[in-house]
Amino acid sequence: MISRPNVKLNLGLRVLGKRPDGYHELETLFIPCHAFHDELSIEQAEEFGIGISGPCYRGWDPSEDLTARAWALLHDAFGIGPVHIKLIKNSPVGAGLGGGSADGAFALRMLDKLFGIGLSDATLAEYAALLGSDCPFFIYNRPMLASGRGETLEPFDIDLSPYRIDVAIPEGIAVSTREAYAGVIPAAPEEPLRTTLARPVETWRGRLVNDFERSVFAAHPEIEALKNQFYDQGAVYAAMSGSGSAVFALFNANS
């Protein structure tokens, strides 16, 4: 069984404060992005094995990869048999695009089908939340308004078809989640995120904000330069995705 996990973008990302459990309360809109895809194959085997390669593989322990942890979750819960996982990493790591989260979520769905477990999307999302905060989104893989630590999801209708979405990543720069959260300063939003998103895209600049940008840009001015470059090129809206380092921009499709 083979799939091609895509990445995500954040339209607005508000950090509303720290929770008693140590996580931060967030508000964001996740949208699927197909600028990058990993390649994931899973097949039944006599014993468990996993191999990771590809241009964006950075040598982490394969047994700690979210795809391996996805198998362990369903093995413990349902007694599924061993598999061999092959993952080719094409999606940038440390870019705020959620490529690793996508791999874990796609693995859960593939394993569910491979072993005929028959889990609902809601149940798969519950297991995905055990892997990471961004993982449940990729179970649905459609625009979702997220709150809590990112795992509480609500479908959200948005039409970006009039726009072309470009994504750029500064060479040699990765921003760890730990680094991003260490510098972020929670801010009270001027209006609910859904209200901002309902406004014309042409009004989003300066209004639809990513709260990580201030501290991340200060530490990595190359990322801010990418955002400004997009605006110089005529973007309608540009922002950093997640905790960075990727920057994306919306251009009028006819431009």
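The values are calculated or read from the model by the stated rules, or taken from the named source; none is laboratory data. As the structure is a computational prediction, the values presented were derived from the model and not from experiment. Don't worry about glycine lacking a Cβ; one is built from the backbone with ideal geometry, like all the others, and counts go over all protein chains shown. Please note that ligands, DNA and RNA were not included when accessible areas were found on the heavy atoms of the full protein model with its side chains. Shrake-Rupley method; radii C 1.70, N 1.55, O 1.52, S 1.80 Å.
Key figures for this structure:
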quantity: Identity of the residue in the stretch 81-106, open to solvent by less than 10 Å² (accessible area, probe 1.4 Å) and in a loop (DSSP other than H, G, I, E, B), that ends up modelled with the lowest pLDDT; calculated: A95
quantity: Answer residue from the stretch 128-153, given it is open to solvent by 40 Å² or more (accessible area, probe 1.4 Å) and under 20 Å from L87 (Cα atoms) and is modelled with the highest pLDDT among those; calculated: N141
quantity: Within the stretch 154-182, tally of residues that are surrounded by fewer than 14 Cβ atoms within 10 Å (Cβ to Cβ) and of a type outside the set (A, V, I, L, M, F, W, C); calculated: 10
quantity: Number of the exception - L124 against (1) more than 19 Å from A249 (Cα to Cα); (2) touching a residue at least 12 places away in the same chain (Cβ under 8 Å); (3) out of contact with any Gly (no Cβ under 8 Å at 6 or more places or on another chain); (4) open to solvent by 60 Å² or more (accessible area, probe 1.4 Å); calculated: (4)
quantity: Residue in the stretch 58-67 that is closer than 21 Å to S241 by Cβ and not charged (D, E, K, R) present; calculated: yes
quantity: Pairs, first within 16 Å of S3 (Cα to Cα) in the stretch 42-62, second assigned to a loop (DSSP other than H, G, I, E, B) and open to solvent by 40 Å² or more (accessible area, probe 1.4 Å), C-beta under 7 Å, six or more apart; calculated: I42/M1; E43/M1; G54/N90
quantity: Scope the stretch 202-222; condition of a type in the set (A, V, I, L, M) and in contact with a strand residue (DSSP E or B) (Cβ under 6 Å, 6 or more places away or on another chain); matching residues; calculated: L208
quantity: Flag if D232 is among the acidic types (D, E), surrounded by 13 or more Cβ atoms within 10 Å (Cβ to Cβ) and out of contact with any helix residue (DSSP H, G or I) (no Cβ under 7 Å at 6 or more places or on another chain); calculated: no
quantity: In the stretch 184-201, the residues that are surrounded by 13 or more Cβ atoms within 10 Å (Cβ to Cβ) and assigned to a helix (DSSP H, G or I); calculated: L193, R194, T196, L197, V201
quantity: Conditions (1) at positive phi; (2) in a strand (DSSP E or B); (3) exposed (fewer than 15 other Cβ atoms within 10 Å of the Cβ): number failed by G12; calculated: (3)
quantity: S133 of a type in the set (S, T, Y), over 24 Å from H24 (Cα atoms) and assigned to a loop (DSSP other than H, G, I, E, B); calculated: no
